[in-house]
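The structure appears right after this line, and notes come after that.
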Amino acid sequence: MLRTIFSKKHYVFNDIPDLSGKVAIVTGANAGIGIVTARELARKNVHVFVACRSKEKGESAVELIKKETNNDSVEFLQLDLQSLNSVKNAAETFLARKLPLHILVNNAGMLTQTFGLTQDGIQDQFGVNHIGHFLFTLLLLPTIKASAPSRIVNVSSIAHKLTPPGGIEFDKLNDPNAHTAFQRYAQSKLANILFTIELNKRLSGTNVYCNSLHPGGINTELTTSVLSNWFFGLKPLVSIMSLLLLTPDDGALTQLYCATSPEIEEKNYRGKYFEPFGVLGKTSDFGNNEELAKKLWDYSENLVKEKLGDDVLSKCLA
Ligand SMILES: NC(=O)c1ccc[n+]([C@@H]2O[C@H](COP(=O)([O-])OP(=O)(O)OC[C@H]3O[C@@H](n4cnc5c(N)ncnc54)[C@H](OP(=O)(O)O)[C@@H]3O)[C@@H](O)[C@H]2O)c1
């Protein structure tokens, strides 16, 4: 953690080129590193969609970003990753606008201490952090491909290294007693990396650059709720521990690098995993396992079809 805080910044906001004419969607862009990512894209003249579940929080994020950047092309897109129907509606709402899509940042995420299920009966951390983004990305993929050069950025975590022995234990994902809460989070974050690897394979021959990353340990709602749980809600201890975390501005740099740096195309970075601040990182062995990546893809595709019907992905996988 300290190593990250003192790491040299390979990418800073000022390095982001002018992106006039580009369109982006950032999920979970009402808070944390998502709102910073959306704000800095807007500052560089991107038409940004703030995709989040709460209309109230989403619209106030839009207003804030517009005010701070003087960019009026910032819009709210309702997306609740707990519901596959909401994910489908969000993609359809965006597609109905007939806009290109140059940058998709799959940033939204949850880390909870309790076991829960999404509206579709999928274990919630896996459902929100991976399955919802899997469906959202695939539904948008034809437009992303048609808009190339384009980028897909999957926000993972160093926590992907803390999975149970099987990496992703598919047959136990919905078992409330099989894993600790943190192991459930770790599997969902490993899924972000493996999805990136398999998607990248399927994008070969295109100019779509798909990468994943760990943003750093960042002082956001996600981490403070974990710290609060570890330290029994003792606010002074939580505040002291939070001092060891990066600011959301620094936390957003690595995903902004993946989304905007010319270096991604110059160096042909595809299917890679980055760490703060925009440097290549090393995953766990599971994070390089192409067989597991293919297994995850098949599992995710079958699950989405089981929940929404066989036709749901028919136009996306051509
Ligand atoms: N913070 C860290 O140290 C850290 C480290 C490694 C990786 N990450 C990853 O970074 C990403 C952003 O996290 P953060 O730290 O910025 O956390 P955060 O401040 O808690 O923000 C998370 C965002 O995800 C949204 N979200 C949660 N559930 C959702 C759902 N069902 N549908 C749509 N949006 C939903 C939240 O919306 P609401 O406001 O409505 O809840 C919020 O906008 C996550 O993918 C996380 O796993 C964070």
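The values are calculated or read from the model by the stated rules, or taken from the named source; none is laboratory data. Values in this document were obtained by computation on a predicted structure and should not be read as measured data. Methodologically, a virtual Cβ is constructed for each residue, glycine included, from the backbone with ideal geometry; neighbour enumeration extends over all protein chains shown. To get the accessible areas, we keep the full protein, side chains included, count just its heavy atoms, and leave off ligands, DNA and RNA. Shrake-Rupley method; radii C 1.70, N 1.55, O 1.52, S 1.80 Å.
Can we say P142 is more than 16 Å from the ligand (Cβ to nearest atom), surrounded by fewer than 24 Cβ atoms within 10 Å (Cβ to Cβ) and under 20 Å from A51 (Cα atoms)? Before the answer, list the steps.
Numbers: more than 16 Å from the ligand (Cβ to nearest atom): yes; surrounded by fewer than 24 Cβ atoms within 10 Å (Cβ to Cβ): yes; under 20 Å from A51 (Cα atoms): yes.
Yes, satisfied.
Among the residues of region 84-92, are any in contact with a Lys or Arg (Cβ under 7 Å, 6 or more places away or on another chain) and within 14 Å of the ligand (Cβ to nearest atom)? Outline the logic, then answer.
The initial filter retains those residues of region 84-92 that are in contact with a Lys or Arg (Cβ under 7 Å, 6 or more places away or on another chain), namely 84.
If we keep only those that are within 14 Å of the ligand (Cβ to nearest atom) as well, we get 84.
Looking for residues that are in contact with a Lys or Arg (Cβ under 7 Å, 6 or more places away or on another chain) and within 14 Å of the ligand (Cβ to nearest atom), one finds at least one in region 84-92, hence yes.
Residue-by-condition table, conditions (1) within 16 Å of G34 (Cβ to Cβ); (2) of a type in the set (K, R); (3) away from the ligand (no atom under 16 Å from the Cβ):
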| site | (1), (2), (3) |
| --- | --- |
| L203 | no, no, yes |
| S212 | yes, no, no |
| L222 | yes, no, no |
| K235 | no, yes, yes |
| L246 | yes, no, no |
| G251 | yes, no, no |
| Q255 | yes, no, no |
| G271 | no, no, yes |
| E275 | no, no, no |
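Beta carbons closer than 6 Å, at least 6 apart along the sequence or on distinct chains, pair a first residue in region 98-112 that is open to solvent by 10 Å² or more (accessible area, probe 1.4 Å) with a second that is within 14 Å of the ligand (Cβ to nearest atom) and aromatic (F, W, Y) for L111/Y185. Of the conditions (1) over 20 Å from D250 (Cβ atoms); (2) of a type in the set (A, V, I, L, M, F, W, C); (3) surrounded by fewer than 16 Cβ atoms within 10 Å (Cβ to Cβ), V12 clears all except one; give me its number. Looking at each condition in turn, V12 falls short on (1). Consider F232 carefully, then state whether it is out of contact with any Gly (no Cβ under 8 Å at 6 or more places or on another chain) and either over 21 Å from I25 (Cβ atoms) or among the β-branched types (V, I, T) (or both). Considered against the rule, which asks whether it is out of contact with any Gly (no Cβ under 8 Å at 6 or more places or on another chain) and either over 21 Å from I25 (Cβ atoms) or among the β-branched types (V, I, T) (or both), F232 comes out as yes.
Is it the case that some residue within region 127-136 is among the polar types (S, T, N, Q) and open to solvent by 20 Å² or more (accessible area, probe 1.4 Å)? Among the residues of region 127-136, not one is among the polar types (S, T, N, Q) and open to solvent by 20 Å² or more (accessible area, probe 1.4 Å), which makes the answer no.
Looking only at region 9-40, which residues are within 16 Å of the ligand (Cβ to nearest atom) and among the acidic types (D, E)? Talk me through it step by step, then tell me what you get.
Here is the first cut: in region 9-40, the residues within 16 Å of the ligand (Cβ to nearest atom) are 24-40.
Across region 9-40, the qualifying residue is only E40.
Would you please list the contacts, defined by Cβ atoms under 7 Å and residues six or more apart or on different chains, that run from a residue in region 69-82 that is farther than 20 Å from R97 by Cβ to a residue that is among the charged types (D, E, K, R) and open to solvent by less than 50 Å² (accessible area, probe 1.4 Å)? Short answer, once both residue conditions are applied: T69/R39; Q82/D124.
Candidates in region 162-196 are the residues that are in a loop (DSSP other than H, G, I, E, B) and in contact (Cβ under 8 Å) with a residue 24 or more places away in the chain; of these, the one that is nearest to the ligand (Cβ to nearest atom) is T163. V46 meets the conditions (1) more than 15 Å from the ligand (Cβ to nearest atom); (2) closer than 24 Å to L246 by Cα; (3) open to solvent by less than 20 Å² (accessible area, probe 1.4 Å) in every case but one. The failed one is (2).
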